[in-house]
Every structure is written in structure tokens, then in C-alpha cells.
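Engineer: Just dropping this structure here.
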Amino acid sequence: MDARAAIPRIRLDDLSDPRIAAFMEEHLQDMRATSPPESVHALDMDKLRQPDIRFWSVWLPQGRDETLVVTGAIKRLDDRHAELKSMRAGARFRGRGLARLLLDHIVGQARSMGYERLSLETGTQPFFAPAHRLYLGYGFQDIAPFGSYAPDPNSRFLTLLL
């Protein structure tokens, strides 16, 4: 089945599938290869399993199995504010609108959970240009560092009022 024609399935994930661990390890490797160590804020699997985090995955059918194509999470900062974390599209699935699909879902979930604002930190390097386009096109706005973040020339901070 052509992945472009397949219907994606979004699931609130418990992170038990080993394919997620491998996918997130690739994410961490990308972040470490792109940003200096002090500017890598991606979460490892242990941190993603914390009770203040909800994690979603997007899967496409492939024969009798499924392929993991996009991930994303939100981390509760307080009763009104959450942080978008671990947004990643698999390299061969980028540019197909699947990250936007998951972002739509996560924003809807954040609203239904009562959050009034969703913020994120991303890199400033050219590698992150597609993410910048996604977030700015969605309506996120640049802000100063939030939460425990400090000013960092390798970080860009964005927020969306829900």
C-alpha cells in the first residue's frame, strides 16, 4: 500500500512498543548531531514516561503491520500551560502533512485538557527550518524563554494561545 494513500492512525501511546524507543533514539541522535550538548532539550524514554507527559504516535498501515511515522508529546507545566515535546517525523515521511496532522490532534487534546497556552523550544540551526515553518504557519509566535529555559542562541521559543 502506498504510504501517501494509507490512512494514518493516531494513538495515545504507553511507549511500550520497541519501535518507539528506536524512533526516539534517532530523534536524540539528530538533536545531538545538530545542537551543542547544553542546547539539547529532547527527552529520553525515561523522561517521556513521567506522569506529567502525554505521548502520541502516528502509524501508517504497511502490509500486516504498521510503520511509526510521527511522534509528539505534551508536558504539563502548570494548570494552564503545557509544553510541546518530542515532535518528530521520520525522515522518509517528512513533507507529507503528517506532523501537521499530529499537531492538530495535540492542540485539540491540550484544549480539552484545559490548557490555555502551548509553548515549545526548538533549535535555530537550518535543520530546524521545516519545524519553524510548521509552527509559525500554525500560529505559534516567538517568545522569550519560558519555564526553566534560559536564553540560548541555539534555542528558539514559541507559544500558541489556545
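Engineer: Evaluate the stretch 110-126: report whether one residue or more is touching a Lys or Arg at 6+ places or on another chain (Cβ under 6 Å) and farther than 21 Å from residue 54 by Cα.
Structural biologist: Yes; the residues of the stretch 110-126 include at least one that is touching a Lys or Arg at 6+ places or on another chain (Cβ under 6 Å) and farther than 21 Å from residue 54 by Cα.
Engineer: Continuing with the same structure: Of everything in the stretch 36-91 that's of a type in the set (S, T, N, Q) and touching a strand residue (DSSP E or B) at 6+ places or on another chain (Cβ under 7 Å), which residue is nearest to residue 157 (Cα to Cα)?
Structural biologist: Looking only at the stretch 36-91, we keep the residues that are of a type in the set (S, T, N, Q), and these are 39, 50, 57, 62, 67, 71, 86.
Add one more test, that the residue is touching a strand residue (DSSP E or B) at 6+ places or on another chain (Cβ under 7 Å), and what stays is 39, 57, 67, 71, 86.
On the way: 39: 12, 57: 23, 67: 31, 71: 20, 86: 15 Å.
So, considering only residues that are of a type in the set (S, T, N, Q) and touching a strand residue (DSSP E or B) at 6+ places or on another chain (Cβ under 7 Å), the one nearest to residue 157 (Cα to Cα) is 39.
Engineer: Looking at the stretch 141-152, can you tell me whether even one residue there is crowded, with 17+ Cβ neighbours inside 10 Å and without any contact (Cβ under 8 Å) to a residue 40 or more places away in the chain? Lay out the reasoning, then the answer.
Structural biologist: Going through the stretch 141-152, the residues crowded, with 17+ Cβ neighbours inside 10 Å turn out to be 152.
Going one step further and asking which of them are without any contact (Cβ under 8 Å) to a residue 40 or more places away in the chain, we end up with none.
No, every residue in the stretch 141-152 fails to be crowded, with 17+ Cβ neighbours inside 10 Å and without any contact (Cβ under 8 Å) to a residue 40 or more places away in the chain.
Engineer: With the requirement that a residue be among the hydrophobic types (A, V, I, L, M, F, W, C), surrounded by fewer than 20 Cβ atoms within 10 Å (Cβ to Cβ) and touching a residue at least 60 places away in the same chain (Cβ under 8 Å), what does the stretch 101-127 give you?
Structural biologist: 101, 127
Engineer: Tell me, which strands (runs of 3 or more DSSP E) wholly within the stretch 47-162 include 2 or more residues that are modelled with pLDDT of 95 or more and farther than 20 Å from residue 25 by Cα? Spell out the reasoning first.
Structural biologist: Details: elements: 53-62, 65-76, 81-89, 117-123, 141-143, 155-161.
Hits in the stretch 47-162: 81-89, 117-123, 141-143, 155-161.
The values are calculated or read from the model by the stated rules, or taken from the named source; none is laboratory data. Values in this document were obtained by computation on a predicted structure and should not be read as measured data. Here the Cβ is made from the backbone with ideal geometry for all residues, glycine too, and neighbour counts use every protein chain on show.
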